[in-house]
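**Q** Provided herewith is a single structure, encoded as structure tokens, for subsequent inquiry.
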Amino acid sequence: MSAQQDADVAAPVPAEQAPVAGVNPPQARGPGLDPVPGLGRRRIAAWYAAFAGYAALLAVFSRHADQSWGIWAAGGYLLAAITAVSCRGPRGRDAALLIGAAGALAGPLTWLAIRAPATADVQVVARAATLLLAHGSPYLGPGQLSAWRSYDPYLPAMTVFGLFRAAGLPGVAGDPRLWITVTCVALLTVAFGLAAPPQVRGRAGRRHQALRRATFAVTTPVLALPLAVGITDPPVLALFCVALACLGAGPAARAAAPRAAGLRELISPHRIRPSRLAGAALAIGIACAMKITAWPALPVIAVMIAARDGRRAAWRFAAASAVTAGTAIAAAAPAALAKPSVFLHNTVLYPLGLTRHLTPAASPLPGHLLASTGTAGHWAAIGLLLAAGLAVTAWILLRRPADDRAAAWHLAAGLCVMFILAPATRWGYFAYPLGLLGWLGLTRRDQAAAGKLPAAASLTWLAPAAARLTPAMTGPVAAPGTNETAIAPRARERPRRPRRPCPQD
């Protein structure tokens, strides 16, 4: 060994950079440990082939707008799958994604906006915007609710997507579906950009990855079908994804927190920046101002933040989300707040089936089947829904989610229970849990690396000892074989030669 190598080996390493056994997370090495799986050509081709089969079944067995979407999407998915298989390289992959977006989203959306009558969701959003500009409220009064189409079950912030039609933009340019789609794509791009893996270097590469994943997400039937026909759930789901991405530690924090922040971060290695917490509160608050189905996300995420970052952070998140939702509701419907009965009839009683005109959301799920047996069955279904909500709340409090991914799992399970037992429900509501599962799949982390990092709760017992340790004393805690020569230059001693046996032995 040369003198320079001896000097390098004997040089002391700062304690905050020395890997400590069971504390420092392993760094991903090589493409095989990429925490976010890539969208390879074969994977894209397989998914688009499966989507083509689903769209073909929908084209055969459905009617009206769903059938038109199935015809368009089946051809688009099939052509995208063929392109992904035949064209190699990144260009072939991007071409497949663009073809899928054109066939499953852009084509049917334009066709339905020009050639087909507007769906009930589109009519409600456009009429609400007109009423808002004229009267300051997007809702009709109780005396004007003459049919089920007269009700507006959405919260006031959803009215924003109809303002372009109310302002006089004709055709596709003023259709609420276009602006819902644009908003959904933009929000998903932001969400995937926030959740980008640390291996993606440079802003250009991060934006490309985020846009690619967002394009694939909106071309799946979970989002493409509701966006094309004008259902208003996708932007709420996209806001969920933005909030979950903000609640994640982020690539910069995951890579640098344990070694840059010192021993303080050992107690909470996943703590996020206050700006990310504010971004999550802003996203959830806007979602809660759009649809009542977004409100279950607020307590689930608040419980997760309390378990990971403390009760004070959870209260700040809940307060910021509530203030954002209240401000958005007041800004989008100033006159509706002066008439609580109008707000109650449209947004609470109508979705529960307690109004004179019933909602057409009547998929044969257990809650609706029980409610259709009569008045007693209807109230029994509402009571069962409330009891299930309390049970889910107790489950979340007892088995608190530890991070953003666990919060997504808990939220998906809770929404499934709510949709199954709701008196007025439809299969399309399950786009929320399916979309959350898709988000988890597209942002999946390396479980082998993440599983070696102990949870924040398991490190609490280190606090008293960590407060007494000094940088010079952290060396003996180092894992064997990692930094045994970094304690002091004299720690490296030459091995003694074995003593030769004497002749008398």
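**Q** Might you check whether a residue that is acidic (Asp, Glu) and open to solvent by less than 20 Å² (accessible area, probe 1.4 Å) occurs anywhere in the stretch 147-155? Step through it out loud before you land on a result.
**A** Step one: filter the stretch 147-155 for residues acidic (Asp, Glu), giving 152.
With the extra rule that they be open to solvent by less than 20 Å² (accessible area, probe 1.4 Å), the set shrinks to 152.
Yes, there is a match, as at least one residue in the stretch 147-155 is acidic (Asp, Glu) and open to solvent by less than 20 Å² (accessible area, probe 1.4 Å).
**Q** Okay, moving on. Report, by residue number, each residue of the stretch 55-71 that is assigned to a helix (DSSP H, G or I) and open to solvent by less than 100 Å² (accessible area, probe 1.4 Å).
**A** Ala55, Ala56, Leu58, Ala59, Val60, Ala65, Asp66, Gln67, Ser68, Trp69, Gly70
**Q** Continuing with this model, one more query. Where residues in the stretch 385-425 are of a type outside the set (A, V, I, L, M, F, W, C) and in a helix (DSSP H, G or I), which of them is most open to solvent (accessible area, probe 1.4 Å)?
**A** Thr393
**Q** Restricting to the stretch 207-222, name every residue that is in a helix (DSSP H, G or I) and closer than 15 Å to Gly70 by Cβ.
**A** Answer for the stretch 207-222, where residues must be in a helix (DSSP H, G or I) and closer than 15 Å to Gly70 by Cβ: Thr219, Pro221, Val222.
**Q** I would also like to ask the following. Would you pick out the residues in the stretch 319-347 that are more than 19 Å from Ala278 (Cα to Cα), out of contact with any Phe, Trp or Tyr (no Cβ under 8 Å at 6 or more places or on another chain), in a helix (DSSP H, G or I) and open to solvent by 50 Å² or more (accessible area, probe 1.4 Å)?
**A** Ala331, Ala338, Pro340, Ser341, Leu344
**Q** Continuing with this model, one more query. Somewhere in the stretch 93-113, is a residue in a helix (DSSP H, G or I), surrounded by 20 or more Cβ atoms within 10 Å (Cβ to Cβ) and touching a Pro at 6+ places or on another chain (Cβ under 9 Å)?
**A** Within the stretch 93-113, one or more residues are in a helix (DSSP H, G or I), surrounded by 20 or more Cβ atoms within 10 Å (Cβ to Cβ) and touching a Pro at 6+ places or on another chain (Cβ under 9 Å).
**Q** All but one of (1) farther than 16 Å from Ala289 by Cβ; (2) at pLDDT 90 or above hold for Gly162, so report the exception by its number.
**A** Exception for Gly162: condition (1).
**Q** Exactly one of these conditions fails for Thr130: (1) outside any helix (DSSP H, G or I); (2) surrounded by fewer than 18 Cβ atoms within 10 Å (Cβ to Cβ); (3) among the hydroxyl-bearing types (Ser, Thr, Tyr). Give me its number.
**A** Only one criterion in (1) outside any helix (DSSP H, G or I); (2) surrounded by fewer than 18 Cβ atoms within 10 Å (Cβ to Cβ); (3) among the hydroxyl-bearing types (Ser, Thr, Tyr) is unmet by Thr130, namely (1).
**Q** Next up: So is Gly89 free of Cβ contacts under 8 Å to residues at least 24 places away in the same chain and out of contact with any strand residue (DSSP E or B) (no Cβ under 9 Å at 6 or more places or on another chain) or not?
**A** Yes: the conditions hold for Gly89.
**Q** Still on this structure, I have one more. Just one of (1) open to solvent by 60 Å² or more (accessible area, probe 1.4 Å); (2) part of a loop (DSSP other than H, G, I, E, B) trips up Pro299, so point out which.
**A** Looking at each condition in turn, Pro299 falls short on (2).
**Q** Scan Leu39, Leu97 and give me the residue that is modelled with pLDDT under 90, within 26 Å of the chain's Cα centre (by Cα), of a type in the set (A, V, I, L, M, F, W, C) and under 29 Å from Ala210 (Cα atoms).
**A** Among Leu39, Leu97, only Leu39 is modelled with pLDDT under 90, within 26 Å of the chain's Cα centre (by Cα), of a type in the set (A, V, I, L, M, F, W, C) and under 29 Å from Ala210 (Cα atoms).
**Q** Quick check: is even one residue across the stretch 53-68 modelled with pLDDT under 90 and of a type in the set (S, T, N, Q)?
**A** yes
**Q** Would you pick out the residues in the stretch 404-426 that are of a type outside the set (A, V, I, L, M) and touching a Leu at 6+ places or on another chain (Cβ under 8 Å)?
**A** Selection gives Asp404, Arg405, Trp409, Phe419, Pro423, Thr425.
**Q** For the stretch 141-149, state whether one or more residues are modelled with pLDDT of 90 or more and not in a loop (DSSP other than H, G, I, E, B).
**A** So far as the stretch 141-149 goes, no, none of its residues is modelled with pLDDT of 90 or more and not in a loop (DSSP other than H, G, I, E, B).
**Q** Filter the stretch 348-364 down to the residues that are under 24 Å from Ala333 (Cα atoms) and open to solvent by less than 60 Å² (accessible area, probe 1.4 Å) and list them by number.
**A** Val348, Leu349, Tyr350, Pro351, Leu352, Gly353, Thr355, His357, Thr359
The values are calculated or read from the model by the stated rules, or taken from the named source; none is laboratory data. Computed from a predicted structure; not experimentally measured. Glycine also receives a Cβ, built like all others from the backbone with ideal geometry; neighbour counts cover every protein chain displayed. Note: areas computed on protein heavy atoms with side chains; ligands, DNA, RNA excluded. Shrake-Rupley method; radii C 1.70, N 1.55, O 1.52, S 1.80 Å.
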